[in-house]
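Trainee: This structure is in structure tokens; I'll ask about it shortly.
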Ligand SMILES: NC(=O)c1ccc[n+]([C@@H]2O[C@H](COP(=O)([O-])OP(=O)(O)OC[C@H]3O[C@@H](n4cnc5c(N)ncnc54)[C@H](OP(=O)(O)O)[C@@H]3O)[C@@H](O)[C@H]2O)c1
């Protein structure tokens, strides 16, 4: 029956994986290839990695005691990751680590991003505890907003030291470990890294610098298998610059939303890299 139906066939398409060939038979019953279609070129290893779970991967987040860093920590913990958070003060770091409520998955480390040696010690501590580092998120940041006439050199130095040199220090301290794990470095810049505004000289300079810095680092390390992304949020409801979030901030991005972006980036197929992610409130108050 099968032979009989084959004899009646005039055309046959043969498919192997995503490639296929169409054969046609002439009146002398000779088959010839009439067209060939190549499927998309797919690296099967990469496709398999897309579905890798984040479970037990490790992350180091600078400035995780509150705000965006804390929100990212919560999101990664929900995915089963182990997360180290840092801040300047041992007490507030311990308090935040305990509030995250997953003692087996959280380490709190007091380490100022302005101090390269402190960043190196913090990364070494993560390696001692968990054996590897998969993700580093350079999030810690501060803001001083004043016109150039009023901006002091102390304020300028603090903003540049934390927001820019601090990220450099975190990168230098974590890079070898990220190369070893083929990991991911993310920086938290800002829409202030592409939009300038009055009274923003120090903050704009730090975040414009950070966007350029991160993209250059991305090019430096991508052939080591390390992905690098800068996330550029607009207004997020946090304690930034001494603010206390309230119901009036409901229109703003929430820290957990940045956490969701981080998780989505980590789950992105490794062949694709959203290297710069702008994110803004979808419906800010009309001016
Ligand atoms: N909120 C926004 O609207 C917004 C928008 C765009 C971008 N961002 C950026 O997002 C990042 C996080 O800000 P956030 O809004 O979450 O502010 P936040 O609520 O004030 O949190 C800032 C975090 O950074 C830590 N930190 C500050 N200086 C540090 C230092 N020298 N060393 C280590 N940790 C330090 C703080 O920890 P301790 O105080 O405990 O030391 C805290 O955990 C910053 O880079 C900011 O520029 C914020």
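Trainee: Is the shape of segment 146-265 rounded, prolate or oblate, going by the alpha carbon gyration tensor and its root eigenvalues a ≥ b ≥ c, with a/c under 1.5 for rounded and a/b larger than b/c for prolate?
Mentor: oblate
Trainee: Beta carbons within 10 angstrom, averaged per residue: use that to sort the peptides 154-162, 70-78, highest first.
Mentor: Per-residue Cβ counts within 10 Å, averaged per peptide and sorted highest first, yield 70-78, 154-162.
Trainee: Based on the alpha-carbon gyration tensor of segment 186-231, what equivalent-ellipsoid semi-axes (square roots of 5 times the eigenvalues) come out, in whole Å, largest first?
Mentor: Computed over segment 186-231, the values are 25, 8, 6 Å.
Trainee: If each residue's Cβ is checked for other Cβ atoms within 10 Å, how do 268, 186 rank with the fewest at the top?
Mentor: Ascending number of Cβ neighbours within 10 Å: 268, 186.
Trainee: What do you get for the angle between helix 90-99 and the principal long axis of the chain? Use alpha-carbon atoms, 0 to 90 degrees, nearest ten.
Mentor: Helix 90-99 sits roughly 40 degrees off the main axis of the chain.
Trainee: Reported to two decimal places, what Rg/Rh ratio describes the chain when computed on Cα atoms with Rh from the Kirkwood expression?
Mentor: Rg/Rh: 1.19.
Trainee: For residue 91 and residue 116, calculate 0.36 nm times their separation in residues minus their Cα-Cα distance, and state this gained length in nm to one decimal.
Mentor: Gain on extension, residue 91 to residue 116, equals 6.9 nm.
Trainee: Could you work out the relative contact order of the chain? I mean the mean sequence separation of Cα pairs under 8 Å and 6+ apart, divided by the number of residues, in percent.
Mentor: With pairs under 8 Å counted, the relative contact order is 17 percent.
Trainee: Also, I was wondering about something else. Can you tell me the orientation of helix 67-78 relative to the chain, as the angle in degrees between its alpha-carbon axis and the longest Cα principal axis, to the nearest 10?
Mentor: Once rounded, one gets 40 degrees.
Trainee: Calculate the FRET efficiency for residue 286 and residue 197 from the Cβ-Cβ distance with a Förster distance of 25 Å, rounded to the nearest 0.05.
Mentor: The formula returns an efficiency of 0.90 here.
Trainee: If you build a Gaussian network model of the chain, linking Cα atoms that sit under 10 Å apart, which residue out of 190, 246, 27 swings the most?
Mentor: Of 190, 246, 27, the most mobile in the Gaussian network model is 27.
Trainee: Using alpha carbon centroids, what distance separates segment 184-235 and segment 55-117, in Å?
Mentor: 21 Å
Trainee: Which one, 163, 195, 26, has the greatest fluctuation when you compute a Gaussian network model over the chain with C-alpha springs under 10 angstrom?
Mentor: Checking each option, the largest mean-square fluctuation is seen for 26.
Trainee: So, one more: Could you line up 144, 223 from fewest to most neighbouring Cβ atoms inside 10 Å?
Mentor: Going from least to most buried by this count: 223, 144.
Trainee: Could I ask something else about it? For segment 122-179, what size does the Cα cloud have along each of its three principal axes, sorted from largest down, in whole Å?
Mentor: 49, 18, 14
Trainee: Report, in degrees rounded to the nearest 10, the 0 to 90 angle that the Cα long axis of helix 116-130 makes with the longest principal axis of the chain.
Mentor: That helix lies at roughly 50 degrees to the long axis.
Trainee: May I pose another question? In percent, how large is the relative contact order of segment 135-234, given Cα pairs closer than 8 Å and 6 or more residues apart?
Mentor: Normalised by residue count, the contact order of segment 135-234 is 35 percent.
Trainee: Sticking with this structure for a sec: Under the 0.36 nm per residue contour assumption, what length would be gained going from the current alpha-carbon distance of residue 98 and residue 150 to full extension?
Mentor: That works out to 14.8 nm of additional length.
Trainee: Put a dot 7 Å past each Cα toward the Cβ at residue 275 and residue 223; how far apart are the dots in nm?
Mentor: With each label placed 7 Å out from Cα toward Cβ, I get 1.4 nm.
Read the figures in this text as sums done on the coordinates, not as results from a lab. Quantities reported herein were computed from a predicted structural model and do not represent experimental measurements. A quick note on method: Cβ atoms are made from the backbone with ideal geometry, for glycine too, and the neighbour counts reach across all protein chains shown.
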